[in-house]
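The values are calculated or read from the model by the stated rules, or taken from the named source; none is laboratory data. Keep in mind that this is a model prediction, so the values were computed, not measured. Glycine gets a Cβ as well: all are built from the backbone with ideal geometry, and neighbour counts include every protein chain shown.
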Amino acid sequence: MALPRRMKFGIFMAPFHRLGENPTLALQRDLELLQLLDRLDYDEAWIGEHHSAGWEIIASPEVFIAHALAQTRHIRLGTGVVSLPYHNPYMVADRMVLLDHLSRGRAMLGVGPGALPSDAYQLRLNPLRQRPQMDEALGLILRLLHGEAVTYQSDWIDLREARLQLAPYSDPLFPVAVASTLSPSGPATAGKHGVGLISLSTFMPMGTTVADQWRIAEQAAAEHGQTIHRRDWRLMLPIYLAETREEAYRDVSLGAYAFQKEYFDQTLGRPLQYDGPPEAFAETMASVGGAIIGTPDEAVAAIKRLQELSGGFGGLLGLAHEWAPTAKIHRSFELLARYVAPQFQGALEPLAAAQHWSHENRTMLNANEVGGVVGAFKALNQPVPNVVHGVTPPDAGGQA
């Protein structure tokens, strides 16, 4: 299994906010969450672009990222995603280079075809053409980012000797990734252009589907003479952690059910295939692999299972949701950062080795310490207390 030495952890922030809430305050919570993740040493966050349907209220991820950069220190911020059929590819490339400089290399470009049917309808886009348009635009964007002068004309793009006046800050380029749901076009486009992949539909029982996404990407890369790396493959799914499994289920069941019912069913018209009680919804999601809900130890086990099913991936993104009160959501992210992420980032092995060595040699080390203290007393012609002679057992916690 091909595993990166250090797995990246982050979030995918659409964002989702239920109707009836103050949108200004909702955006403020999004910013505060990014600040928290920055302090908790998360690697990255991907910010979405949406223009309709009432739930996902960031219209320009670039504007949002520019604002968030000033409020964070190290977390990388990416467009998750720019819907390429909505934009002139030259402008997308130019804006991202600006963000690359403003962020000193913390910006990332995530692209997609556009997910909301209502966006496509209002912009008079043909849903059957959006994925080919994404592929077409991404090829031009990459040419521009690599310094080419591009002359190109199609039925929706017209560039004449177009070149970027500002080169990227990152050397050679900031991370670029294609988002994929269930369609094979996302992995195929990522492989064709030799960029990263963000799998937005990660369900553990569909392990062959998850693995097939990378297989499709590798096949497309080989056909187009590209090289792709599993370290640039990210999986996304909802995550919520608490001290006990029962607490986790209790915290998010009603919120998760309401989200699925009100957003996917009542807003997007995708019927919810669940007829159980809302109070049991989180347990059902976790049991079928549609989310990681439980304790930190259970999260570690679930991620290892995902590694096996996928063959290895480089990053895990939690869906930014508000299925529980804000304080509990923040606590969940803290638990993941403290107890889960280190298990996959090589941070704990040296500490465990150091403790094991000290444990195995504690008798010898304590004797040396006692000998040094006894010598100090004798050098000053002072009586040596009994505790120093070892009356207190070496491993009982006594200090000489």
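The residues in the stretch 246-271 that are within 19 Å of LEU319 (Cβ to Cβ), surrounded by 15 or more Cβ atoms within 10 Å (Cβ to Cβ) and either among the basic types (Lys, Arg) or not assigned by TED's automatic domain parsing to the domain that holds VAL111 (or both) can be counted, and the count is 1.
Can you name the residue in the stretch 78-132 that is within 20 Å of the chain's Cα centre (by Cα) and of a type in the set (S, T, N, Q) and is also nearest to VAL176 (Cα to Cα) among such residues? Among them, the one singled out is THR79. A Cβ distance below 9 Å, combined with a sequence gap of six or more or placement on separate chains, defines the contacts here; from the stretch 208-229, residues that are part of a loop (DSSP other than H, G, I, E, B) reach residues that are of a type in the set (Val, Ile, Thr) and surrounded by 21 or more Cβ atoms within 10 Å (Cβ to Cβ) in the pairs GLN226/VAL195; ILE228/VAL195.
Highlighted here are the helices (runs of 4 or more DSSP H) found entirely within the stretch 272-389 that include at least 1 residues which are of a type in the set (A, V, I, L, M), free of Cβ contacts under 8 Å to residues at least 60 places away in the same chain and surrounded by fewer than 20 Cβ atoms within 10 Å (Cβ to Cβ): 296-310, 326-335, 349-360, 362-379. Which of the residues belonging to the stretch 289-301 are under 20 Å from ALA258 (Cβ atoms) and either among the charged types (D, E, K, R) or touching a Pro at 6+ places or on another chain (Cβ under 6 Å) (or both)? Answer for the stretch 289-301, where residues must be under 20 Å from ALA258 (Cβ atoms) and either among the charged types (D, E, K, R) or touching a Pro at 6+ places or on another chain (Cβ under 6 Å) (or both): just ALA291. If we scan the stretch 17-26, do we find a residue that is touching a helix residue (DSSP H, G or I) at 6+ places or on another chain (Cβ under 9 Å) and closer than 30 Å to ARG338 by Cα? Within the stretch 17-26 (the criterion being touching a helix residue (DSSP H, G or I) at 6+ places or on another chain (Cβ under 9 Å) and closer than 30 Å to ARG338 by Cα), the answer is yes, since at least one residue qualifies. Scanning the stretch 230-284 for residues being basic (Lys, Arg) and within 18 Å of HIS330 (Cβ to Cβ) gives a total of 1. GLY114 meets all of the listed conditions (1) surrounded by 13 or more Cβ atoms within 10 Å (Cβ to Cβ); (2) farther than 24 Å from ASP265 by Cα but one, namely (2).
Taking the condition of being assigned to a helix (DSSP H, G or I), farther than 17 Å from GLY289 by Cα and in contact (Cβ under 8 Å) with a residue 24 or more places away in the chain, how many residues in the stretch 251-271 meet it? Write out each step before concluding.
As a first pass, look at the stretch 251-271 and keep what is assigned to a helix (DSSP H, G or I): 251-265.
Subsequent filtering for residues that are farther than 17 Å from GLY289 by Cα retains 251, 254-255, 258-259, 261-265.
With in contact (Cβ under 8 Å) with a residue 24 or more places away in the chain added as a condition, the list becomes 251, 254-255, 258-259, 262-263.
Residues in the stretch 251-271 being assigned to a helix (DSSP H, G or I), farther than 17 Å from GLY289 by Cα and in contact (Cβ under 8 Å) with a residue 24 or more places away in the chain: 7 in total.
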